[in-house]
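Computed from the coordinates by the stated procedures, all read-outs in this text should not be read as laboratory data. Remember, it's a predicted structure, so these values are computed and weren't measured experimentally. A quick note on method: Cβ atoms are made from the backbone with ideal geometry, for glycine too, and the neighbour counts reach across all protein chains shown.
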Amino acid sequence: MPQNLLEIDSLTLKMDNKTILDNLTLDIWKDHTHAIMGINGAGKSTLANTIMGLNGYQEFAGEIRFQGKSLKGLSVDERARLGITLSWQEPARFEGLKVRDFIRSSARDKSDDAIQTVLKTVGINPDRYLDRAVDRTLSGGERKKVELASILAMKPRLALLDEPDSGIDIESIERIFNVVRLLREEGTTVVFITHSMAVLEQAEHAFLLCHGRLVDQGNVKKISRYFEGECMPCDIRDPEKKEKAI
Ligand SMILES: Nc1ncnc2c1ncn2[C@@H]1O[C@H](COP(=O)(O)OP(=O)(O)O)[C@@H](O)[C@H]1O
Ligand SMILES: [Mg+2]
C-alpha cells in the first residue's frame, strides 16, 4: 500500500451557509501524481485553499492530516514550513517584487545560478525576466511559469497545482508537464486541480468531485469516462436545481 502524505477525513466546509465541501474523505499518496477533477464550481479550488489554510478557509468540520499530524489551526506560513505549497488558479501578483527575489524568498539554493536554472527550466529567459516585477506587467501565463519555477526551487513535499494549464499557450504545456515530472523525480508529491483531460492524463490516480462530494476515484482511464459523457454517469445532482425541479 502507498504511504499517505495527506489525509482528508470527513471534511465539510460551509461558506455563507452553503455547503461547498461535503463530507470529503480522500488520501494523497506520497510520491504519486494525483488529479482532482470536476466541472467548474465542483469545489476543487476550495479544497486546495482549505488544505493550504488560506484566510476564510480555516473553519471546517472533519480533519486534514499531513504526515499524520492535524493541520487544524496552523497558518499558511506554518503549513508552508511543513512543505505544502499551492500554485493558485489565478497566479498571484506582488507589486514591486522582482522575479529574482520572489524565487529566492522560498528557494532552498538561493544562488543566482540556481535561480537562473529554474527559470530556464520553465522556459523563461532569466536575462529578460530576473529584474521584472511579479505584477500585472507579466501575463497570467508568465506569472504561472514564474510560480512553477519558484516551486522547483522550493522543492516542497506537496505541491497543489490549481489549473496549471490555464493561461499557458499550447506550445508551453508539454514543457510545464515536463517540469512537473522533474518535480516528482525530486521528491515532490503532486496534486493537479483540473477540469482538463490533458492534465488528467498526466496523473497516476484521480478523484472526481461534484458539488463538493467525492463521486469516484481510481485510475485516469476510469475517471476520464465521466468527462467523455459530460458527467452523465454521475448521479449527484445540484441540490438547488433538484429542489426547483420538484
Ligand atoms: N467565498 C465564497 N463564498 C461563497 N461561495 C463560494 C465562495 N468561494 C467559492 N464559492 C462557491 O463554491 C463552489 C465551489 O467553488 P470552487 O471551489 O471555486 O470550484 P472549482 O474550483 O471546482 O471551479 C462554487 O459554487 C462557488 O460559487
Ligand atoms: Mg477552481
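Mean separation of Cα pairs under 8 Å and 6 or more residues apart, divided by the residue count, gives the chain a relative contact order of 25 percent.
Charge dipole (Cα centre; +1 on Lys/Arg Cβ, -1 on Asp/Glu Cβ; no other charges) of the chain amounts to roughly 320 debye.
DSSP beta bridges confined to the chain are antiparallel in about 55 percent of cases.
What's the longest bit of the chain with no exposed GluC sites (Glu not before Pro), using DSSP loop states and at most 15 other Cβ atoms within 10 Å as the test? In the chain, the maximal stretch lacking such sites is 60-185. If you take all other residues with their beta carbon under 13 Å from the beta carbon of Asn219, and give Lys and Arg +1 and Asp and Glu -1, the sum is 0.
Considering only Gly212, Ala61, Val122, and ranking their Cα positions along the charge dipole of the chain that arises from unit charges at the beta-carbon of Lys, Arg, Asp and Glu, the one farthest toward the positive end is Ala61.
Taking other C-beta atoms within 10 angstrom as a stand-in for reagent exposure, Arg93, Arg104, Arg81 fall in the order Arg81, Arg93, Arg104, fewest first. Where in segment 113-151 does the label zone of Glu95 land, with the point 7 angstrom along Cα→C-beta and an amide N cut-off under 17 Å? Those under the cut-off are 133-138. Modelled spin-label separation between Trp29 and Lys14, with each label point placed 7 Å from Cα along the Cα-to-Cβ direction: 3.6 nm.
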